[in-house]
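> The structure's right below; bear with me while I get my questions together.
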Amino acid sequence: MSLTIDLRSNGDRPEPTSTAAGMTARKVSAWFGNHKVLDRVSLEMQAGQVTALIGPSGCGKSTFLRILNRMHELVPGAALAGSVALDGVDIYHDAPSATDTRRRVGMVFQKPNPFPAMSIADNVLAGLKLSGLRVRDREERQQIVVSSLTRAGLWNEVKNRLVSPGGSLSGGQQQRLCIARALAVQPQVLLLDEPCSALDPTSTRRVEETIAEISHQVTIVIVTHNMQQAQRVSDDCAFFLAGEGQPGYIVESGPTETLFSNPSDSRTADYVQGKFG
Ligand SMILES: Nc1ncnc2c1ncn2[C@@H]1O[C@H](COP(=O)(O)OP(=O)(O)OP(=O)(O)O)[C@@H](O)[C@H]1O
Ligand SMILES: [Mg+2]
C-alpha cells in the first residue's frame, strides 16, 4: 500500500522524504569525556539496502548508530570527529537541524518501547508529534495509521483493536508497533539496535519479514549479535572490533555473503564462526 502523505511542519513545509537515502560515514571517531570509543570508522550504507553492524559487546556499534541520527550529542560530555552524510548532505554541518535529521533517520531500540497506556493508533501517530510535524485532518491521520501499520506488517493483527492500549500487544507486536511509529514520519533511513534480542524466535522472524518488506523504501542499518540474522536480513555487513580498553574500529565491511563465506581478515572469520565474542 503506498500513500502520498502531505506532512507539514510547524510553519514551513518540508519536501516529501519517503524515498530511501544512502548514508556515508567518513573517519568517524567518538568520545565520552576522555574515553575514546570509536576510531576513524568509515562506512557506506547504500540506499534501499540493509547494512548489518556486527561485533563483540562494547565495540561501539550503538554509539555509531546514535551518531547517524545525531543522538550521540545528547549524551553529556560526548564528542565526535569525522563526517556523516545523508543523501550527500553533511548532517552535522549542512543539514537544517538535528530535529530534521532525526526525522529523516528514525530509530528503533532493543526493548520495545511503545507508550503502554496510549492506544495502538495514537502510538503510531506519536512520532509525528515528537518530530514537530502536523497532519492536516482526521482522515489523513487515519491514512498514516493504516499505511504505517501495513508497512510494519502489523495491520491485520490490530485492525480491529486500534483503540486498545499499546501495552496490550505481545512483545513482537510491540516491536512492530515501534517500527510503525518510526515509519509514520516517513524516514529515509531506519536504525535498528538489536531489535529482536528481547523477542522469541517466531516474533523475530516476523520482524525480519517486516525488514525485508520495507527495505526497498527505507535504508536500514541494523545492529545484531545474531549471525544467522545478519545473514538472513542484510545485503552488506560491517564487522566492528575493539581491543581491551581501546576504541572500536571496523575490521572489514562489504557484501554480507563475502564477509561470511570469504572474509579477508582472519578475525572476521573467527567472529562469524562464533569462535569469540
Ligand atoms: N552514555 C555513555 N557514557 C559513557 N560511556 C559510554 C556511554 N555509552 C556507551 N559508552 C561506552 O562506549 C563504548 C561503546 O559502547 P556501545 O554501547 O556503543 O557498544 P556496543 O558495541 O553497542 O555494545 P553492545 O553490543 O553491548 O550493545 C563502551 O566502552 C561503553 O562503555
Ligand atoms: Mg549496543
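> Shape of the stretch 238-277 from its Cα gyration tensor (a ≥ b ≥ c, root eigenvalues): rounded if a/c is under 1.5, otherwise prolate when a/b > b/c, or oblate?
Details: a/c = 2.73, a/b = 1.56, b/c = 1.75.
Oblate shape, in that a/c is at least 1.5 and b/c is the bigger or equal ratio.
> Here's something else I'd like to know. Can you sort GLU140, GLU73 by how many other beta carbons sit within 10 Å, fewest first?
Ranking GLU140, GLU73 by Cβ neighbours within 10 Å, fewest first, gives GLU73, GLU140.
> Considering only VAL50, VAL207, ASN226, whose Cα is most displaced toward the positive end of the charge dipole of the chain, charges sitting on Cβ of Lys, Arg (+1) and Asp, Glu (-1)?
Projecting each Cα onto the dipole axis, the largest value belongs to VAL207.
> With all pairs of different alpha carbon atoms counted, what Kirkwood hydrodynamic radius in Å does the stretch 62-120 show?
Evaluated on the stretch 62-120, it is 13.0 Å.
> While we're on this one: Compute the distance in nm between two label points, each set 7 Å from the Cα along the Cα-to-Cβ direction, one at ASN34 and one at HIS93.
Those two pseudo-labels are separated by 3.0 nm.
> Assign unit charges at the C-beta atoms only (+1 for Lys and Arg, -1 for Asp and Glu), then state the dipole size of the stretch 132-235 relative to its Cα centre in Debye, rounded to the nearest 20.
On the way: 12 positive and 11 negative charges, 78 e Å.
The dipole magnitude comes to about 380 debye.
> Does the stretch 93-135 classify as rounded, prolate or oblate by the C-alpha gyration tensor (a ≥ b ≥ c root eigenvalues; a/c under 1.5 gives rounded; else a/b over b/c gives prolate, otherwise oblate)? Mind dumping the intermediate values first?
Working: a/c = 3.89, a/b = 1.66, b/c = 2.34.
Here the stretch 93-135 falls in the oblate category.
> Search the structure for amide H atoms under 5 Å from the amide H of GLY22, placed 1.01 Å from N in the peptide plane, and list their residues when 5 or more places away or on another chain.
Here ALA47, ASP87 satisfy the definition.
> Report, in whole Å, the centroid distance computed from the Cα atoms of the stretch 125-160 and the stretch 203-277.
31
> Right, another one. Compare the Cα positions of SER62, PRO247, ALA180 along the charge dipole of the chain (+1 at Cβ of Lys, Arg; -1 at Cβ of Asp, Glu; about the Cα centre) and return the one farthest towards the positive end.
Farthest along the dipole direction, towards plus: ALA180.
> If you don't mind, there's one more thing I want to ask. Through the Karplus equation 6.51 cos²θ - 1.76 cosθ + 1.60, θ set to phi - 60°, convert the phi angles of the stretch 234-250 into ³J(HN,Hα) values in whole Hz; use x for Gly and Pro.
9, 8, 10, 8, 10, 9, 9, 8, 9, x, 3, x, 9, x, x, 8, 8
> Which listed residue (PRO116, PHE260, LEU154) has the Cα farthest towards the positive end of the charge dipole for the chain, taking +1 on Lys and Arg C-beta and -1 on Asp and Glu C-beta about the Cα centre?
My answer, from the dipole projection, is PRO116.
> At 7 Å along the Cα-to-beta-carbon direction for both GLN142 and GLU257, put a label point, then send me their distance in nm to one decimal.
Here the modelled spin labels are 4.6 nm apart.
> Please list, in chain and number order, the residues 5+ apart from SER164 or on another chain whose amide H is under 5 Å from its amide H, with Hs placed from the backbone.
ILE120
> Right, another one. Quote the convex hull volume per residue of the chain, based on C-alpha atoms, as a whole number of Å³. Mind dumping the intermediate values first?
Numbers: hull volume 34.4 nm³, N = 277.
It comes to 124 Å³ per residue, whole-number rounded.
> Sort ARG136, ARG181, ARG26 by Cβ crowding within 10 Å, fewest neighbours at the top.
Values: ARG136 11, ARG181 26, ARG26 14.
Ascending Cβ contact count within 10 Å gives the list ARG136, ARG26, ARG181.
> Separate question: Could you put PHE239, PHE32 in order, starting from the residue whose Cβ has the fewest other Cβ atoms within 10 Å? Provide the component values of the computation, followed by the final result.
On the way: PHE239 26, PHE32 14.
Fewest-to-most ranking of PHE239, PHE32: PHE32, PHE239.
> Under 5 Å between amide hydrogens, which residues at least 5 positions from VAL108 or on another chain qualify, with H placed 1.01 Å from N in the peptide plane?
Amide H to amide H, under 5 Å and 5 or more residues apart or across chains, VAL108 pairs with LEU191, LEU192, ASP193.
> Using each residue's phi in the stretch 104-116, evaluate 6.51 cos²θ - 1.76 cosθ + 1.60 at θ = phi - 60° and report the 3J(HN,Hα) Karplus result to the nearest Hz, with x for Gly and Pro.
6, 10, x, 9, 10, 9, 4, 9, x, 10, x, 6, x
> Here is a follow-up. Ranked from highest to lowest mean number of other Cβ atoms within 10 Å per residue, what is the order of the peptides 161-170, 222-231?
Values: 161-170: 15.9, 222-231: 19.2.
In decreasing order of mean packing, 161-170, 222-231 become 222-231, 161-170.
> Residue by residue through the stretch 35-40, what is 3J(HN,Hα) from phi via Karplus (6.51 cos²θ - 1.76 cosθ + 1.60, θ = phi - 60°)? Round to whole Hz and write x for glycine and proline.
8, 7, 10, 9, 10, 6
> Which value, in Å³ per residue, describes the convex hull spanned by the Cα atoms of the stretch 144-276?
Values: hull volume 17.0 nm³, N = 133.
It is 128 Å³ per residue.
> Can you give the extra length, in nm with one decimal, that the chain gains between LYS129 and LYS159 once fully stretched, where that is 0.36 nm per residue apart less the Cα-Cα distance?
Values: separation 30, 0.36 × 30 = 10.80 nm, distance 2.21 nm.
Between LYS129 and LYS159, full extension yields 8.6 nm more.
> Counting only DSSP beta bridges with both residues in the stretch 155-277, tell me the antiparallel percent, nearest 5. Display every interim value, and only then the final one.
Values: 7 of 12 bridges.
Antiparallel: roughly 60 percent of the beta bridges in the stretch 155-277.
Read-outs throughout are calculated quantities, based only on the coordinates presented, and are distinct from any laboratory measurement. Quick caveat: nothing in here was measured; it's all calculated off a predicted structure. Glycine gets a Cβ as well: all are built from the backbone with ideal geometry, and neighbour counts include every protein chain shown.
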